[in-house]
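This report refers to the structure that appears directly beneath it.
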Amino acid sequence: MEDLENPISSLSPHMVRRPWWFFHLFGLLFFMTIFSIIILGRSFRVKTPEFVVNSMFLSSNYPEIKGNWNVNLCMKNPNPDTYISYNQAQVWLFYKETFISTAHVMPFYQGTGDGEILTVHANLGMKTNEIKEDVTEDRVLIFDLSLEANIRVNSQSFLQRKRFLIVECNDLRIEFPLNQTIGTLSGGQNSCRVQLYGRKPVYF
């Protein structure tokens, strides 16, 4: 006779007890979820690349800046488990907020933790007459340099993120020795300010 007051007692123990593989599957899924979160977290916390102006020189008919310029940027990727691809990079040179010249940079990439030297050179596209009035007694002129590029950050887990990079290297002091037409960077290396954006900023 069926026990109507306690219907569970009439069920087979195999129908109530969960199979052993269920707990193993649950544990495996839990471990995989935690592992994925850790990998994603490490991939998305990207450290900003470091840029330093290592050397720079201008060739010109001093005090008229009309000739060639060359700059060596020391770049370092501080991320030990990612590499960075640079696309559509362009460098701008300014004097007192006045645009003087620009140069395009071929696509390149940095390996994990690598430090590289990027050399940029171009012609000075305009003559700045006001420089004559700004020449100091020590024959030093101050320039600003900016680099913009679309970058792609790739991790070893095959994940990637796209960013827009802006590098600002200000107060670059170029000294022209007496009776010389080539000015060089004075005061040692200059650290640059680096900013990363989700997309290219819109300026109004």
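Values computed for the structure shown
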| quantity | calculated |
| --- | --- |
| Residue in region 142-186 that is surrounded by the fewest Cβ atoms within 10 Å (Cβ to Cβ), counting only those that are part of a strand (DSSP E or B) and polar (S, T, N, Q) | Q160 |
| Cross-chain or 6+ apart pairs with Cβ under 6 Å, region 70-91 first and closer than 16 Å to V52 by Cβ, then among the basic types (K, R) | P78/K47 |
| Enumerated strands (runs of 3 or more DSSP E) restricted to region 32-102, each holding at least 1 residues that are among the small types (G, A, S), surrounded by 14 or more Cβ atoms within 10 Å (Cβ to Cβ) and at pLDDT 75 or above | 50-61, 82-95 |
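Okay, residues lined up against (1) under 26 Å from the mean Cα position of the chain (by Cα); (2) more than 17 Å from F57 (Cα to Cα); (3) at pLDDT 80 or above:
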{"site": "N129", "(1), (2), (3)": "no, yes, no"}
{"site": "D144", "(1), (2), (3)": "yes, no, yes"}
{"site": "Q156", "(1), (2), (3)": "yes, yes, no"}
{"site": "K162", "(1), (2), (3)": "yes, yes, yes"}
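The values are calculated or read from the model by the stated rules, or taken from the named source; none is laboratory data. Everything numeric here is computed off the predicted structure, so don't read it as measured data. Cβ coordinates were reconstructed from backbone atoms using ideal geometry, including for glycine residues, and neighbour counts include every protein chain displayed.
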